[in-house]
Amino acid sequence: MAERRINVDYLARVEGEGALRVVIKDDRVTDVQLNIFEPPRFFEAFLRGRTPQETVDITARICGICPVAYQMSAAHALEKALGVTPPPGVRALRRLLYCGEYIESHVLHIFMLHAPDFIGHESAISMATDPALRPLVEQALRMKKIGNHLVTVIGGREIHPVSACVGGFYRAPRKSELVALVPDLEWGLERAVEAVRWAATLDYPDFTADYEFVSLSHPDEYPYNEGRVVSSRGLDIPIEEYERHFLEEHVEHSNALHSRRAGSKTSYMVGPLARVNLNFDRLSPRAQSAARDIALTLPVRNPFMSLLARGLELVHAYEEALQLIASYVEPVPSRSPIPTPPRAGEGAHATEAPRGLLYHRYTVDAAGLIAGARIVPPTAQNLRRMEDDLWQYVPGVLALPLEEATLRCEQLVRSYDPCISCATHFLKLDLERE
């Protein structure tokens, strides 16, 4: 029996590191394992005994790419537990902060992590050495810098911002600080529309799957901070019922938990493709127009085309940021105090990180300290779905040379933009053919 094996010690262009093993016997896939083998990081244990305000800052350190998402889910959940209602204006400012994070994260993934797969380059650095592509790389860097700047103005710094807190913000920006960003945001909006047109010309592998898409959904706006948890198969529940419908389980080959639907035990997909499919009519006018220009037909069930969904959300983020700045009124005060003496309570909330639904639940004791915490990141929710995709996708690439088949598998994993750094720092691909 012939045996073929591919070892890729470091899978580039994912945030974090892990391992992928695919076993093929007699041209039949017999095993797929996405291994997350970094030791657990114990953030939920770190939080016990901490104050609610410390919790917002500590959870932001879980991820350097989407710290705002961790801050927002934590702040909302703890406000429910403590009975805190933020002052008027905080809600809009939180959405504006989220726009900055979406711009940062989506530009990074579209141009630096995923695009090289479609245009024959190994990295954005390689793209920059190509005279024909260098302007695209420079443009992408400027687009990302605009998102960084927006997060800095609101959050105090671009990575792990420090201004968000339970009850609002320690400091709200002056309107003049935000208005100064308008010319760059207007420039970024036009470039984002161009990016969608460019992304529509890429050659996406022909692969679709029967996904259950899951995301927040809000009746009046594209989901960032609030909404109900809905799915493409009819689920429609308040966030507080999340744990009745979604379960986490340990799998032998990974230190990261795998999520599945309760009852059916099936996988599901969260992230930009799920959001766009479930909330298209609440995208901004320019984003919907961009989708019509490229004749995008919903639902999109090709995971590689998540790049297009990110592009539409990038247009939305720039456009909504401009709208929010135009109507911005500085919240005074910028935060509501936590009631004293403290009260015991429990609160659960989910927001939409760039990579998908991010669920937090906290229990606060009578001393006002964290007694228990549960955090379910989007990548953990997608891990089982990634493996299910590979089970279906690998048979279609077996006729390719092994090196090309391996690259296609890596590309499929990258289409999810996994934030593996939340659980691991190494991804090794081992494709074994017997």
Exercise. Regarding L108, is this residue farther than 30 Å from A75 by Cα and open to solvent by 20 Å² or more (accessible area, probe 1.4 Å)?
Worked result: no
Exercise. Of all residues in the stretch 364-379, which are under 26 Å from Q53 (Cβ atoms) and either within 14 Å of the chain's Cα centre (by Cα) or assigned to a strand (DSSP E or B) (or both)?
Worked result: V364, I370, A371, G372, A373, R374, I375, V376, P377, P378
Exercise. What do you reckon, is R91 farther than 17 Å from E352 by Cβ and open to solvent by 10 Å² or more (accessible area, probe 1.4 Å)?
Worked result: no
For this session: Scan the stretch 291-308 for residues that are assigned to a helix (DSSP H, G or I) and either at pLDDT below 95 or buried (at least 17 other Cβ atoms within 10 Å of the Cβ) (or both) and jot them down.
Result: A291, P303, F304, M305, S306, L307, L308
Problem set entry | Listing of helices (runs of 4 or more DSSP H) fully contained in the stretch 22-141 that carry 3 or more residues being of a type in the set (D, E, K, R) and closer than 25 Å to Y224 by Cα | 90-107
Exercise. Can you find even one residue in the stretch 19-29 that is open to solvent by 10 Å² or more (accessible area, probe 1.4 Å), at pLDDT 85 or above and touching a helix residue (DSSP H, G or I) at 6+ places or on another chain (Cβ under 7 Å)?
Worked result: yes
For this session: Output the residues belonging to the stretch 114-127 that are in contact (Cβ under 8 Å) with a residue 12 or more places away in the chain and surrounded by fewer than 21 Cβ atoms within 10 Å (Cβ to Cβ).
Result: F118, I119, H121, E122, S123, A124
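Each row is one residue, and each column tells you yes or no for (1) crowded, with 21+ Cβ neighbours inside 10 Å; (2) of a type in the set (S, T, N, Q); (3) part of a strand (DSSP E or B).
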| residue | (1), (2), (3) |
| --- | --- |
| R310 | yes, no, no |
| L314 | yes, no, no |
| E319 | yes, no, no |
| V332 | no, no, no |
| E346 | no, no, yes |
| E352 | yes, no, yes |
| Y362 | yes, no, yes |
Exercise. Within the stretch 53-76, how many residues are out of contact with any strand residue (DSSP E or B) (no Cβ under 6 Å at 6 or more places or on another chain) and open to solvent by 10 Å² or more (accessible area, probe 1.4 Å)?
Worked result: 6
Exercise. Counting only residues that are assigned to a loop (DSSP other than H, G, I, E, B) and either within 17 Å of A77 (Cβ to Cβ) or of a type in the set (A, V, I, L, M, F, W, C) (or both), how many does the stretch 334-344 have?
Worked result: 6
Problem set entry | Evaluation of R385 against (1) open to solvent by 30 Å² or more (accessible area, probe 1.4 Å); (2) in a helix (DSSP H, G or I) (one fails), failing number | (1)
For this session: Being among the β-branched types (V, I, T) and touching a strand residue (DSSP E or B) at 6+ places or on another chain (Cβ under 8 Å) is the filter; apply it to the stretch 255-314 and report the residue that is farthest from R355 (Cα to Cα).
Result: T266
Exercise. Just wondering, is there one or more residues in the stretch 267-290 that are charged (D, E, K, R) and part of a loop (DSSP other than H, G, I, E, B)?
Worked result: no
Exercise. Just wondering, is there one or more residues in the stretch 94-117 that are in contact with an Asp or Glu (Cβ under 7 Å, 6 or more places away or on another chain), under 17 Å from P223 (Cβ atoms) and aromatic (F, W, Y)?
Worked result: yes
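Here's the yes/no breakdown for (1) more than 26 Å from Q411 (Cα to Cα); (2) in contact with a Lys or Arg (Cβ under 6 Å, 6 or more places away or on another chain); (3) buried (at least 20 other Cβ atoms within 10 Å of the Cβ):
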{"position": "R171", "(1), (2), (3)": "yes, no, no"}
{"position": "P183", "(1), (2), (3)": "yes, no, no"}
{"position": "E190", "(1), (2), (3)": "yes, no, no"}
{"position": "D206", "(1), (2), (3)": "no, no, no"}
{"position": "D220", "(1), (2), (3)": "yes, no, no"}
{"position": "E241", "(1), (2), (3)": "yes, no, no"}
{"position": "H250", "(1), (2), (3)": "no, no, no"}
{"position": "A256", "(1), (2), (3)": "no, no, yes"}
For this session: Mind telling me which of the residues R286, R292, R244 ends up being free of Cβ contacts under 8 Å to residues at least 12 places away in the same chain, over 18 Å from L383 (Cβ atoms) and not β-branched (V, I, T)?
Result: R292
Problem set entry | Tally of residues being out of contact with any Lys or Arg (no Cβ under 8 Å at 6 or more places or on another chain) and open to solvent by 40 Å² or more (accessible area, probe 1.4 Å) across the stretch 30-52 | 12
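The values are calculated or read from the model by the stated rules, or taken from the named source; none is laboratory data. If you're wondering where the values come from, they're calculated on a predicted model, not measured in any experiment. Neighbour counts run over all protein chains shown; Cβ positions are idealised from the backbone, glycine included. The protein model used for the area step is the full one, side chains on, heavy atoms only, and it has no ligands, DNA or RNA in it. Shrake-Rupley method; radii C 1.70, N 1.55, O 1.52, S 1.80 Å.
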